[in-house]
Structure formats: structure tokens, C-alpha cells
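Trainee: Let me begin by handing over the structure; questions about it come next.
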Amino acid sequence: MIRTRNIRPRRPLLAGTTAVAAMAVTAGLVAATAEPAKAAAGPKLSLIAATTSITLTSWKEEPGVYLDLGTYLTAEGTPLELKVTRKSYKDPVTITQTVYEGGKAKAKVLPKGTVKDFSGLRDFAKITVTDKAGKKVLSRSEDFCPNNASGRVRPDAPATSKYPESCPTNPFTLGSVWGVEKGWAANTYAGSYTEPVMLAAGTYTAKVGVAKKYRDLFGIANKPATIKVTVQERSYEDEQSATGPASRSSASGEHAGHGAAHQAPTAHTGHGSGHAPTPAQAAAPVTSGAGPSYNVGHGPLKAAPPALPWALKKQQAARSMRVGDTGGQTDGSRRAPALQPLSKRPAGKPSVPDVPKPDLRSLPAYGIVVSDGEKDIPGKDYLAFSANVWNAGPAQLVVDGFRSPGKAKMDAYQYFYDAKGKQVGYTPTGTMEWDPRPGHMHWHFTDFASYRLLKANKKEAVRSGKEAFCLANTDAIDYTVKNANWHPFNTDLSTACGAENSISVREVLDVGSGDTYSQDLPGQSFDITDVPNGTYYIQVLANPEKRLKETSVDNNSALRKIVLGGKPGKRTVTVPAHDLVNEN
């Protein structure tokens, strides 16, 4: 679920927005399938513009204009539903579309090469911009995530969308579901996955259309949207000096409305004042070129939220500039109250019933760099990395912590549920401890995972002291597994992990989601000062003491090969591709 913070609310679009009739997807839909051609009912898709004119701001402090032009893809008749998967990291990413025959859903395999990763449909939107004289000044393509910021286009549409609220960007994602609910529209703007363009102050005409291969694939009419664009230049300093700090806040909020995509990553400001990243943390290396699905994981990775709905932009215009979590909020788009543990410790005899259980699995390490560690210690070299443990299901991992008055640690319990969601058992499973370090400042469940640096012969060379973690659904790893929850609750790290004065805490890792700890956090590194150059493996091991009850413990380890080189004080690391995955 970053995880920046990528949560989108389900709000209506601008009043008066209506869908345009579109071509139906029939047997002419281009697809690679062995089934005989039949009249498959797909969605009626069309591109619409929320407005015919828009004003964009070019800030002197960060030149460039972000082309959030208010264009949306609408779906009528049936939803647009796409499932994107790979069998393993040795296999390419494939995509299928859900179509309907006789009212029954069927999977139609789309052509090879339609997708290359899980971030969306590549080069979906085609944008051209001309100046007042009709001269073309810009031509570009943008990717499209169907799970982008969305809203209903008619009052009788479903009240909520069943589809996830982002496209995952973790390099080791295994499966994703994309969709535009019927009667809904998804913003085609690529948010912080796109780059600003240089346009001088003035008026322009923008045309936004859908690339031909997608028009042919989904039966979308060739009707580009035309928007009059006014570019105005403004300055933060001018705004503040003119009317004082309040204006500065308002102007900043308006700027943040562009999907909050153009700000310095502030990450977990909501974990308390001590959790805001330092300048050094904010400049930490980006792990995957974008942020995790929901927020930025446990640490200030580069935020990558999608575009926000117009209604939300207006609300944010009155707020101070910020990105990431604040108290009870993810990215300003959804409030997430803390998960509540049971009112008291479990009573009765502990038991582990024969019901579905979670299946914890580790992803290979990524975002691997050599750093000077948590402090600038002369003569010390550290190998930093990001790591993720996810839950393949078919059941949630639910852990409650209970604190005896005056005690420094909480007692932790794992719960088990039957098919109807009724609790049918529990077992003690270690402890929870408060981590006061900047970058954490929350309750960690102990012995959740372990990090080890292994030699070429797989013998241990260095073990990390970190084995305690706060559980939160920062990344969507595989939403195609059984019982995957497409809308996990505790993606908001500011409420997922408790406060120092908490008497109890509930931490949950949902089915299909994983929890990323990024390489710039305390404990996310190995001291390699005295480790010889050569080939090694970073091991991420889930549930190392086997205290948690799982479906299987045979898939808990993941290895990532690395090669150390260089000289003391100037060590280097080379990270080969992991099968077909090369996040570099």
C-alpha cells in the first residue's frame, strides 16, 4: 500500500461533468487468445475533459509547469478491469482484461508487450500544446494508471469503486489489479511519474488524446479533448510579502494540489515531530525510481502520489504545503483512525486452530547503496538497503500488543479467525517495544524479520541487529492472490504503530500487501568496514524465530546478490539484476 502516500479518495468530479458516448468493445477487440471469437461485452470507454479551460502555475522557485489538464477516462456498461501478473522474476509481466459473456466474467489475454511493469499503461495519453499563433511548442506521451484519482460521473453510479487506489511501483511486485469502475472516471494525468514542461506565461491550446494502439485495443473513439491553457508565473516570496504568511500557506496548498507530486519528500511527518526527515534523510537515494504504493514506506523515499480530484485540490488550497503522513492522515486525501486492539487481553487457553493463516514471504533487497551509516563516522562504511516482507495469505496477520502499567514492553498475541471472520483462537507471540529513534518513534513487533549478509558460500558474515518492525501495508505486492484486500486499512503509518503512551496497539499485515523498510532508516544497514571485497548475498528472512503461525515457513527467505569493491572509506557495491528485475 507507498507506500507515498498514494491514497485517493472517492469524490465526485466537478459539477456538471458528464461522460461522452463511446464505442463499445466487441469481438473486434484486439487480443491474443486461443478462444473462438465471441461477442464479449467490454466497457464503453471514452476520454473526457472536466473543463474546457484551465490555469496552470509556474513557480519561480521551481520552474516548469505540470500538465494536469483535467482529462479523465470514463467507463460505462461494465468496468474496465485489468489484471497484471508475472509467474516469477524470470517471467515477463503479462496482462489480461476481464470481459463478460452471458453475464459471466472471463479473462481475455491482451497482446504481449502491452505492459512492461506494474506502474500503468505506457504512453497511453498523447499531448500536444500550441501557442497563440498555432505553433506546436510541445508534444509528449504520458503513462496512465487506471487506479488514478477518480470520481463518479453520474449520481446512479456505484457509490464506491472496488478497485485499488494506486498502481504499485515496488520493483518486486508480483501481481496487480487495475480498474475504472462503471460510471466512474480516472484522471489520465501521470502525477509525479511525469516531468514538468517549460512554458512561458501566456495562453496555449492543449489537445489530449489516446494512443492508437489503446484505441484499437479497448475500442476508444478518436476524439481528443481540447483545453485552453493559461500559464501564470508566481513566486512564493511575492505571495508572502503581499499578504503575509496566510497567503503563503494558501499558495503552497494550491501547489500541493498537483498530486503533491512536486514537493520535497517529507514522508512520515505524522509519526511525531521527531519523525520528520532530516535534510540528509530527504536526500537519501531513491530505491525504485518512484515511491511505494501508498506512502513512502518506513522512511523518506521519493513520494509518488497520483493526481488528486478537483474537489480535493480546492480543499488543499487552504492547507499548508505538505506531503506524506500527518496525524491520522495519509496524503491529505483520506483519514485513517488507528486500528483498535481488543478491549482486554485474551482470556482462556491459547490455541492454534485449523483455520486459514497468513503466509509471510520476503522480497529480495533493493535500493542497495554504500553509505556512511546513521551518523557520519570517519573510517566506517555501511551497506544500506530496502527490504519488504509481505503476506501471501489467505488470512491476515493480526497482532495485538498489551502493556502492563509501568512496563517498557508490551506482550504480543497473534489472533486466528474462521471463514466468517470470528476469532477462534490466539497464541502469545513475543513482545512489542518502543523505538524512540528519529525515523521510527513507534511500537515495533519483535522478531518479525531478520537481515543477514552472507558470504558467497551462503555462510553468515554479518547480522543486522534489527529484528523489530511496525507492521503497515505500505506496498501492494500481489493483489491477485486469494483473499487479497484491495483496500487495506492501516496504510497510514502515523496511526498504524501507536504512540509512546499507548496502552495497547493493533498491527495488521493484510493479504496481498507488504511492509517496506527503506535504506535510510536506522538499523537498515550492515557495517562492512572490515568485510573483504567480493561476492555476497543480502538475506531478508521473515519470522526468523518461527514465533508467528503461518501457512508455510519454507518461503520466508529471499537472497539478493551483490559485489563489494573499492577501498576503506570509498567502498563500492555492484548489484546485478535479479533475474529480469533490475531496478537500476
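Trainee: Give A392, A311, A307 a once-over and let me know the one that is buried (at least 19 other Cβ atoms within 10 Å of the Cβ), at pLDDT below 90 and aliphatic (A, V, I, L, M).
Mentor: Result of the check over A392, A311, A307: A307.
Trainee: Still on this structure: Run E195 past the list (1) of a type in the set (D, E, K, R); (2) farther than 27 Å from Y479 by Cβ; (3) over 24 Å from the mean Cα position of the chain (by Cα) and report the number of the one that doesn't hold.
Mentor: (3)
Trainee: Report whether or not A186 is farther than 30 Å from L580 by Cβ and not charged (D, E, K, R).
Mentor: In short, no.
Trainee: Which is open to solvent by 30 Å² or more (accessible area, probe 1.4 Å) and among the aliphatic types (A, V, I, L, M), of V573, V581, V505, V531? Outline the logic, then answer.
Mentor: Details: V581 fails: open to solvent by 30 Å² or more (accessible area, probe 1.4 Å); V505 fails: open to solvent by 30 Å² or more (accessible area, probe 1.4 Å); V531 fails: open to solvent by 30 Å² or more (accessible area, probe 1.4 Å).
Checking each option against the conditions leaves just V573.
Trainee: Looking only at residues in the range 58-84 that are assigned to a loop (DSSP other than H, G, I, E, B) and more than 18 Å from A225 (Cα to Cα), which one is nearest to the chain's Cα centre (by Cα)?
Mentor: Ranking the qualifying residues of the range 58-84, first place goes to P79.
Residues are listed down the side, and each one gets a yes or a no for (1) under 24 Å from L342 (Cα atoms); (2) of a type in the set (S, T, Y); (3) more than 28 Å from the chain's Cα centre (by Cα):
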| position | (1), (2), (3) |
| --- | --- |
| L509 | yes, no, no |
| S518 | no, yes, no |
| S525 | no, yes, no |
| V531 | no, no, yes |
| G534 | no, no, yes |
| Y537 | no, yes, no |
| N543 | yes, no, no |
| E550 | yes, no, no |
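Trainee: Tell me, yes or no, whether the range 504-525 has at least one residue that is modelled with pLDDT of 95 or more, out of contact with any Asp or Glu (no Cβ under 8 Å at 6 or more places or on another chain), more than 28 Å from K407 (Cβ to Cβ) and outside any loop (DSSP other than H, G, I, E, B).
Mentor: Within the range 504-525 (the criterion being modelled with pLDDT of 95 or more, out of contact with any Asp or Glu (no Cβ under 8 Å at 6 or more places or on another chain), more than 28 Å from K407 (Cβ to Cβ) and outside any loop (DSSP other than H, G, I, E, B)), the answer is no, since none of the residues qualifies.
Trainee: Based on this model, can you work out whether N473 counts as modelled with pLDDT of 80 or more and not in a strand (DSSP E or B)?
Mentor: yes
Trainee: Let me ask something additional. Taking interchain pairs and intrachain pairs at least six residues apart, which have beta carbon atoms under 7 angstrom, with the first residue in the range 78-91 and surrounded by fewer than 17 Cβ atoms within 10 Å (Cβ to Cβ) and the second part of a strand (DSSP E or B)?
Mentor: Close Cβ pairs satisfying both conditions: Y89/H578; Y89/V581.
Each row is one residue, and each column tells you yes or no for (1) of a type in the set (A, V, I, L, M, F, W, C); (2) modelled with pLDDT of 90 or more; (3) under 30 Å from V563 (Cβ atoms).
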residue: R437; (1), (2), (3): no, no, no
residue: D447; (1), (2), (3): no, no, no
residue: R463; (1), (2), (3): no, no, yes
residue: N483; (1), (2), (3): no, yes, no
residue: W486; (1), (2), (3): yes, yes, no
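Trainee: Does K104 count as touching a strand residue (DSSP E or B) at 6+ places or on another chain (Cβ under 8 Å) and surrounded by fewer than 20 Cβ atoms within 10 Å (Cβ to Cβ)?
Mentor: No, not satisfied.
Trainee: Out of the residues in the range 534-570 that are open to solvent by 50 Å² or more (accessible area, probe 1.4 Å) and of a type in the set (G, A, S), state the one that is farthest from P353 (Cα to Cα).
Mentor: G569
Trainee: Can you name every residue in the range 85-133 that is more than 25 Å from L69 (Cβ to Cβ), small (G, A, S) and more than 26 Å from the chain's Cα centre (by Cα)?
Mentor: Result: G102, G103, A105.
Trainee: Can you tell me which residue in the range 53-64 is surrounded by the most Cβ atoms within 10 Å (Cβ to Cβ), limited to those that are modelled with pLDDT of 90 or more and hydrophobic (A, V, I, L, M, F, W, C)?
Mentor: L56
Trainee: Here is a follow-up. Which is open to solvent by 10 Å² or more (accessible area, probe 1.4 Å), at pLDDT 95 or above and over 30 Å from N582 (Cβ atoms), of K136, K213?
Mentor: When all the criteria are applied, what remains is K136.
Results for (1) surrounded by fewer than 24 Cβ atoms within 10 Å (Cβ to Cβ); (2) under 21 Å from L580 (Cα atoms); (3) at pLDDT below 90, shown as yes or no for each residue.
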residue: S141; (1), (2), (3): yes, no, no
residue: C145; (1), (2), (3): no, no, no
residue: D156; (1), (2), (3): yes, no, no
residue: T160; (1), (2), (3): yes, no, no
residue: E165; (1), (2), (3): no, no, yes
residue: T169; (1), (2), (3): no, yes, yes
residue: T173; (1), (2), (3): no, yes, no
residue: S176; (1), (2), (3): no, yes, no
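The values are calculated or read from the model by the stated rules, or taken from the named source; none is laboratory data. This is a predicted model, so every value here is computed, not measured. Using ideal geometry, Cβ is built from the backbone for each residue, glycine included, and neighbour counts are taken over all protein chains shown. For the accessible areas, the whole protein counts, side chains as well, though only heavy atoms, and no ligand, DNA or RNA atoms are used. Shrake-Rupley method; radii C 1.70, N 1.55, O 1.52, S 1.80 Å.
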